[in-house]
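Please read the structure below before turning to the comments.
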Amino acid sequence: MSTPDGPTLLDGRALAEKIRAKYEPKLEALIESGRRPRLVALRVGEDPATEAYLRGQRRGAEKWGIEYAIETLPASSDEAAVRKALKALNKDRGVTGILLALPLPEGIGARGLQHQIDPAKDVEGVHPENLGNCFYGRYSLLPCTALACMALIESSEIDLQGKNAVVVGHSEIVGKPVALLLLAKDATVTVCHVYTDDLAARTREADVLVVAVGKPDLIRADMVKPGAVVVDVGINAVPDATRKSGTRIVGDVSFDEVAAKAAAITPVPGGVGPVTVAVLMRNTILAAEGMPPLDDPNQLPLFNR
Ligand code: NAD
């Protein structure tokens, strides 16, 4: 795993490319049979925070050869209008994958709307049927970032059975599903969050540490066990006067000092982000194929399909 020169860098761009190559034949078969996957991102208003995310998706879709479209509803839309748009996308046979871009304008609840997406087209794995399947050990469409974390961990070649896995952050899109997936691989899982007492004592126990919080430098070297596998999900813009933009992107982990102790670590950028986009494309292909739930956790993160 680690090299004499330092930790293994878990390169997300290289892994994303591997995933693309793996799914290319499935995509070609779909296209040949006249069923090219079509992914539609529905957004309400034009929140700038969503822009970069959707741009990344579009670039990913273009690279993979998947049709991608953004449907934008006016920022003044109410919940009923969003429901109606989702219903139309559910019904449209030409649309094989649907995602609802967040954040939504104030006053519109995301959860109720995510539940309106046809589970068979739910490429972000946010519908309760898909998440519920995972709870019961059946694996269908699952949240992309959580699967991306699992793919990166798998690429470190660590055997998770019986290992201590610590997840910092308990959001519905990352922390909670990652915890379930790590459990499915028989790790001993601890989930930490903003109210966790003595975070460092828990993270120091981690053979595998997944951090998804959104706070730069939350994880310092003295909080990490020597030889740990560290996955940094955080995306934070911090001031940087040397850049034209005035900012640069960092994760939640103090990279240089933690890298000196870890066996393997993801960079930010270039770690979880590109793999998340690749998993979204992979989910879109499986949705277009009509993926049935799997019962074998050893196929997690499902790249065997
Ligand atoms: P969220 O904002 O929904 O939740 C944050 C979590 O961090 C909560 O569980 C909270 O309890 C916990 N937390 C806050 N302060 C903490 C502290 N001091 N100690 C321990 N826990 C603390 O988070 P999210 O939507 O999962 O996103 C987390 C980060 O991951 C953000 O930076 C986000 O931009 C990034 N993200 C990246 C990707 C990607 O593809 N790379 C995808 C999703 C999210």
For this session: Describe numerically, in nm with one decimal, the distance between label points set 7 Å from Cα along Cα→Cβ at D198 and at V238.
Result: 2.7 nm
For this session: Report, in whole Å, the centroid distance computed from the Cα atoms of region 173-209 and region 147-162.
Result: 14 Å
Exercise. At D47 and T72, where each label point lies 7 Å from the Cα along Cα→Cβ, what is the point-to-point distance in nanometres?
Worked result: 1.5 nm
Exercise. So what is Rg over Rh here for the chain, counting just Cα atoms and using Kirkwood for Rh?
Worked result: 0.96
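Take the alpha carbon gyration tensor of region 161-305, find the square roots of its eigenvalues, order them as a ≥ b ≥ c, and report rounded if a/c is under 1.5; if not, report prolate when a/b exceeds b/c, else oblate.
Values: a/c = 2.08, a/b = 1.26, b/c = 1.65.
It comes out oblate by the Cα gyration axes.
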Exercise. How much of the accessible area of region 139-275, probe 1.4 Å, is carbon plus sulfur, in whole percent?
Worked result: 52 percent
Problem set entry | Anchor K84: lysines whose Cα lies under 28 Å away (excluding residues fewer than 8 positions away in-chain) | K121
Exercise. Shape of region 32-135 from its Cα gyration tensor (a ≥ b ≥ c, root eigenvalues): rounded if a/c is under 1.5, otherwise prolate when a/b > b/c, or oblate?
Worked result: oblate
Exercise. Using a Förster distance of 30 Å, how high is the FRET efficiency between M291 and K84, based on the Cβ-Cβ distance and rounded to 0.05?
Worked result: 0.65
Problem set entry | Residue with peak Gaussian network fluctuation, the chain [Cα springs, cutoff 10 Å], from K63, K121, K215 | K63
Seminar exercise, completed: region 4-155: relative contact order from alpha carbon pairs under 8 Å, six or more residues apart, as a whole percent, is 21 percent
Problem set entry | Relative contact order (%) - criterion: Cα under 8 Å, at least six apart; region: region 139-275 | 23 percent
For this session: Compute the acute angle (0 to 90°) between the alpha-carbon long axis of helix 48-64 and the principal axis of greatest extent of the alpha-carbon atoms of the chain; round to the nearest 10°.
Result: 80 degrees
For this session: Enter the accessible area per residue of region 181-290 (Å², integer; probe 1.4 Å; all protein chains in place).
Result: 43 Å²
Exercise. Over the alpha carbons of region 6-84, what is the largest minus smallest coordinate on each principal axis, giving the biggest first in Å?
Worked result: 49, 44, 17
Exercise. Which whole-number percentage describes the relative contact order of region 45-122, with Cα contacts under 8 Å and a sequence gap of 6 or more?
Worked result: 33 percent
Exercise. Say we join alpha carbon atoms closer than 10 Å with springs in a Gaussian network model of the chain; which of D207, D11, D256 then has the biggest fluctuation?
Worked result: D256
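Assuming 0.36 nm per residue, please report the length gained on full extension of the stretch A14 to D217 beyond their Cα-Cα distance.
Details: separation 203, 0.36 × 203 = 73.08 nm, distance 2.54 nm.
Full extension from A14 to D217 adds 70.5 nm.
Quick one: how many lysine pairs does region 139-275 have with C-alpha atoms less than 17 Å apart and a gap of 8 or more or different chains? Give me the count, please. Mind dumping the intermediate values first?
On the way: K163/K185; K163/K225; K176/K185; K225/K261.
Close lysine pairs under the 17 Å cut-off: 4.
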Seminar exercise, completed: Summing +1 per Lys or Arg and -1 per Asp or Glu among the other residues with Cβ less than 15 Å from E129's Cβ gives -1
Exercise. Is it possible to state the helix-based mean residue ellipticity at 222 nm for the chain, with each DSSP H run of 4+ residues giving -39500 (n - 2.57), the sum divided by total residues, to the nearest 500 deg cm²/dmol? What is it?
Worked result: -11500 deg cm²/dmol
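The values are calculated or read from the model by the stated rules, or taken from the named source; none is laboratory data. Owing to the predicted nature of the structure, the values given are computational and were not obtained by experimental measurement. In this analysis, Cβ positions are derived from the backbone assuming ideal geometry, glycine residues included, and neighbour counts consider all displayed protein chains. Surface areas here come from the heavy atoms of the whole protein model, side chains and all, with no ligands, DNA or RNA. Shrake-Rupley method; radii C 1.70, N 1.55, O 1.52, S 1.80 Å.
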